[in-house]
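**Student:** Sharing a structure below in structure tokens format, with a few things to ask.
Laboratory data are not the source of any read-out in this text; all were calculated from the coordinates shown. Small disclaimer: the values here were computed from a predicted structure and weren't measured. Using ideal geometry, Cβ is built from the backbone for each residue, glycine included, and neighbour counts are taken over all protein chains shown.
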Amino acid sequence: MNRNFLWGGSTSAFQFEGGSNEGGKGISFYDAITLSSKKASESMESWMGSNKVKDYSTTSDFYHHYKEDIALLKEMGFSAFRMSIAWTRIFPDGDGRVNPEGIHFYKDVFKTLKDNNIEPVVTLYHWDMPQSLIDRYYGWYGKETIEAFKKYVDVCFMEFKDYVKYWLTLNENNLTPMLPSFGTGKKVSKDSPEYLPFAYEVYHNTNIAHFYAVKRCHELIPDAKIGCMIASSLAYPLTSAPEDVLLTRNHNQKLTYDYLDLLTTGRYTPKNCIEIENSGSDIHKRDVDLFTHPLSKMDFISFSYYYSVCVGEEQNAADENAQTMQMMYMALKNPRLKQSSFGWTIDPLGIRILLNDLYDRYQLPLMIVENGLGVKDDVLTEDKQVHDPYRVEYLRQHIAAIKDAVDTDHVECLGYLPWGCIDLYSASGDREKRYGFIYVDYDDNCKRYKKDSFYWYKKVIESNGEELGD
Ligand code: BG6
């Protein structure tokens, strides 16, 4: 691995930061879930007994633990840490008034990271849409939200430019065409003629947000690097039947390449243009100057990779245990590979394939900003240890595959930042699905404990990926 390779880990504000009622923070989409659950609990006790997440107000409480957390990351040898900024901590209502306490908080976090030689990698938008923008403009559906986002990113770049050199725009935005209602609060039935124009409008608005952020970052912080962040859903044909191969290539094009083709060329693909036109929308004709501006070209591509899927004509049972955001592709089980206890297929070679595919196709540096094993198997023993050999095994195999991609296949990879390096709340709505090297005891003031994988990852980083253990 290159000596400058970034070793670290990754988080997001709504799953990790907490402090939702403090420091002048406004209400995000997730805080609104908390508030309505609390209201509901007055008449219904049952939700308290469930471990399904209905309260995002504290999560892992990074807000109060960040100094301790950064010391732990330093001890592991991290050179990079991914986190997101909560939009509502900067603009409590999404637009209008700036919250100086929010600026102060993030400045202190970034400064503490830099003082410990850890590079902040900052996502501008990780799903926590300000509720006020949802209420007033249907979030990403409204043009006003784009204007609000522009002001928000301008403030972030101006305020944090001395500390942050790696920026990510919108988390997993390649999923937006599949989930246009997310972040809008607007439900349009899939069968309605309004659905496609609605979905295209939302998608286009998020694309304006992306291109604007890239351009402004280049204007305001010339020495910074900014990239997109996509959810990978690498698919293999279930069989060698050409029908399965066709379905698979369509899956990969639709879920990954349509989006990246747009971000790298500034234009919707010719096929997308016809589909857009047929739906009655005209998004492909708008904002071309911004999308194709030389400063709107991103510097790298970042992605999450947890598993691969199979696609084919024969429906061999999509996994029922894996009803999570990622499994909505209705993909099929791979008969040759094992699955985690959470039902996700474990495929280390897949990350090497994906790195090669993306690099060959776009010739941009890549950054792995999510990977890891999320399971409910971690147990905090009486003497406060967590033995997680399954996590070490998963990560070891994936890092070995990444090394092969870099050292043997010559893929340019900037870094490896596995997900939830300190335990955080899962986006699938289950706080006991854990990914971390550090255990967070949610029932005892969010106390932190090092898992066995902590010591293992420390050695991996110390040896720049050479010592992966047996
Ligand atoms: C990605 C998201 O989709 O996957 C994260 O960017 C999420 O926010 C992660 O937490 C893992 O998914 P889950 O459902 O296990 O939390």
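**Student:** Can you tell me which lysines have their Cα less than 16 Å from the Cα of Lys459? Leave out same-chain residues fewer than eight positions away.
**Tutor:** Lys74, Lys403, Lys450, Lys451
**Student:** In whole Hz and in residue order, list the ³J(HN,Hα) couplings for the stretch 80-85 that follow from phi through the Karplus curve 6.51 cos²θ - 1.76 cosθ + 1.60, θ = phi - 60°; x for Gly and Pro.
**Tutor:** After applying 6.51 cos²θ - 1.76 cosθ + 1.60, I find 8, 9, 9, 8, 10, 8 Hz.
**Student:** Net charge near Pro270, counting Lys/Arg +1 and Asp/Glu -1 over other residues with Cβ under 14 Å of its Cβ? Please list the in-between numbers first.
**Tutor:** Numbers: positive: Arg267, Lys271, Lys285; negative: Asp258, Asp261, Glu275, Glu277.
That sum, taken over residues with Cβ under 14 Å, equals -1.
**Student:** Under 5 Å between amide hydrogens, which residues at least 5 positions from Ile85 or on another chain qualify, with H placed 1.01 Å from N in the peptide plane?
**Tutor:** So Ile85 has HN proximity to Thr123.
**Student:** For the stretch 407-470, just say rounded, prolate or oblate: build the C-alpha gyration tensor, square-root its eigenvalues into a ≥ b ≥ c, call rounded for a/c under 1.5, and beyond that prolate if a/b exceeds b/c, oblate if not.
**Tutor:** Details: a/c = 3.36, a/b = 1.77, b/c = 1.90.
Oblate, because a/c is 1.5 or more while a/b does not exceed b/c.
**Student:** About its Cα centre, what dipole magnitude does the stretch 113-180 give when the only charges are +1 on Lys and Arg Cβ and -1 on Asp and Glu Cβ, stated in debye to the nearest 20?
**Tutor:** With only Lys, Arg, Asp and Glu charged at Cβ, the dipole is about 160 debye.
**Student:** I need the peptides 275-281, 431-437 ranked by packing, meaning the mean over residues of other C-beta atoms within 10 angstrom, with the highest value on top.
**Tutor:** Details: 275-281: 14.9, 431-437: 23.9.
Ranked by mean Cβ neighbours within 10 Å, highest first: 431-437, 275-281.
**Student:** Another question, if that's okay. Please give the calculated 222 nm ellipticity per residue for the chain, where each DSSP H segment of at least 4 residues contributes -39500 (n - 2.57) and the sum is spread over every residue; nearest 500 deg cm²/dmol? Intermediate values should be presented prior to the final figure.
**Tutor:** Details: 16 runs with 184 residues, N = 470.
Calculated at 222 nm, the ellipticity per residue is -12000 deg cm²/dmol.
**Student:** A further question follows. Quick one: putting +1 on the C-beta of Lys and Arg, -1 on the C-beta of Asp and Glu, what dipole do you get for the stretch 187-317 around its Cα centre, in Debye to the nearest 20?
**Tutor:** On the way: 12 positive and 17 negative charges, 78 e Å.
Rounded to the nearest 20 debye, it is 380 debye.
**Student:** Next up: Based on alpha-carbon centroids, what's the gap between the stretch 217-253 and the stretch 19-38 in Å, whole number please?
**Tutor:** One Cα centre to the other: 33 Å.
**Student:** Suppose every K and R has +1 on its Cβ and every D and E has -1 on its Cβ; what is the size of the dipole of the chain about the Cα centre, in Debye to the nearest 20?
**Tutor:** On the way: 52 positive and 68 negative charges, 132 e Å.
About 640 debye.
**Student:** Sorted by mean Cβ packing within 10 Å, highest first, what order do the peptides 114-121, 376-383, 54-61 take? Before the final figure, lay out each step's value.
**Tutor:** On the way: 114-121: 17.8, 376-383: 11.8, 54-61: 20.6.
Packing order, densest peptide first, comes out as 54-61, 114-121, 376-383.
**Student:** Note down the net charge around Asp377, summing +1 for each Lys or Arg and -1 for each Asp or Glu among other residues with Cβ under 11 Å from its Cβ.
**Tutor:** Details: positive: Lys376, Arg391, Lys433, Arg434; negative: Asp378, Asp388, Glu432.
Neighbourhood net charge equals +1.
**Student:** Another question, then. Rounded if a/c is under 1.5, else prolate if a/b is larger than b/c, else oblate: which is the stretch 192-272, with a ≥ b ≥ c the root eigenvalues of its Cα gyration tensor?
**Tutor:** Values: a/c = 3.09, a/b = 1.61, b/c = 1.91.
Oblate shape, in that a/c is at least 1.5 and b/c is the bigger or equal ratio.
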